[in-house]
Amino acid sequence: MKSVRIKNSKEEFPVGKILCVGRNYAEHAKELGNEVPDKPVLFLKPASALIYSGGEIIHPVYGNELHHEVELVLLIGETVKNANKVEAEKAIIGYGVGLDMTLRDVQNELKKKGNPWTLAKCFDTSAVISDCVLKKDYSLKPDEKLELKVNGVIKQSDTLKSMIFNPVEIVEYISSVMTLEKGDLIFTGTPAGVSRVYRGDKLEAKLGEIATLSCTVI
């Protein structure tokens, strides 16, 4: 079973499910030709897709256009269903930075046929995560910056205040359609600037000064 590590601690949280929010930055939705949603767009990744900073992203053989998507990741610390805003805020116990790796050509073909995005989103190593910082140790700010570099060149950079749905709204909404449990992760969407990566590329992601990760595509 995969676990999430806590920064500067030996504590770990076994991961249950990985929830992902699509199109949560208006400019990213526009760059892919999608409408800006009026409620969160949700999909799932299996916990088996998870790897950690320092790991290797394996480029699937059945797709050609592998894209990076840097995201704020929420760590859920208690079971919650039909949460109000206060309960949703309380359920979030930590933060990290993550990568939602996506086979864009495969996703586009699936969308044309009206099929789920599973093959484009759920392959092994498609979810990368840093160590998490507990909320009791750090208060996340709206102007916290998300950044992604490929081979040292900045490709994505934006602040969390550009999110259409903030973390509390995301947890509130998800809990209205399914139960969230301790150890669940929520990838909260990516800003504009997604682009193709190739075997041998080095990816480096940051969430402000609190979380970092690096990995290589092979």
query: Each label point is 7 Å from the Cα along the Cα-to-Cβ direction; what then is the distance between the points at SER3 and LYS112, in nm?
result: 4.5
- request: For the range 72-107 and the range 120-147, compute the distance between their C-alpha centroids and round to whole Å.
  value: 9
message: What do you get for GluC sites (Glu not before Pro) in the range 153-218 restricted to DSSP loop and a cutoff of at most 11 other Cβ within 10 Å of the site's Cβ?
response: GLU209
task: Please name whichever of ILE92, ILE164, ASN108 sits farthest to the positive end of the charge dipole of the chain, dipole taken about the Cα centre and charges placed at Cβ: Lys and Arg +1, Asp and Glu -1.
output: ASN108
task: Towards the positive end of the charge dipole of the chain, with charges on Cβ (+1 Lys, Arg; -1 Asp, Glu), say which of GLY152, TYR198, THR118 has the farthest Cα.
output: THR118
- prompt: How would you rank THR125, THR212, THR188, going from fewest to most other Cβ atoms within 10 Å of each one's own Cβ?
  reply: THR212, THR125, THR188
query: Can you give the helix-only mean residue ellipticity at 222 nm for the chain, where every DSSP H stretch with n ≥ 4 adds -39500 (n - 2.57) and the sum goes over all residues, rounded to the nearest 500 deg cm²/dmol?
result: -4500 deg cm²/dmol
field: Isotropic mean projected area of the C-alpha convex hull, the range 41-191 (nm²)
entry: 9.4
query: Any idea how far apart THR179 and GLU89 come out in nm if each label point goes 7 Å out from Cα toward Cβ?
result: 2.6
- request: Can you tell me the dipole magnitude for the chain around its Cα centre, using point charges on the Cβ only (Lys, Arg +1; Asp, Glu -1), in Debye to the nearest 20?
  value: 200
statement: For the range 188-200, Karplus-derived ³J(HN,Hα) couplings (6.51, -1.76, 1.60; θ = phi - 60°; whole Hz; x for glycine and proline) come out as 9, x, 10, x, 4, x, 4, 7, 6, 10, 10, 4, x
- request: Indicate, rounded to the nearest 5 percent, the antiparallel portion of the DSSP beta bridges found entirely in the range 3-217.
  value: 85
- request: Would you list which lysines come within 18 Å of LYS45, measuring only between C-alpha atoms, while excluding same-chain residues fewer than 8 positions from it?
  value: LYS2, LYS17, LYS111, LYS121, LYS182
- prompt: Across the range 80-90, in residue order, what do the Karplus-derived ³J(HN,Hα) couplings come to in whole Hz, using 6.51 cos²θ - 1.76 cosθ + 1.60 with θ = phi - 60° and x for Gly and Pro?
  reply: 8, 9, 6, 6, 8, 5, 5, 5, 5, 4, 5
task: Only Cα pairs under 8 Å and at least 6 apart count here; give the relative contact order of the chain as a rounded whole percent.
output: 33
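Readers should treat all values here as calculations from the given coordinates under stated rules, not as data from a laboratory. Nothing here was measured: the structure is a model prediction, and the numbers come from that model. Ideal geometry is used to build each Cβ from the backbone, glycine not excepted, and the neighbour counts take in all protein chains shown.
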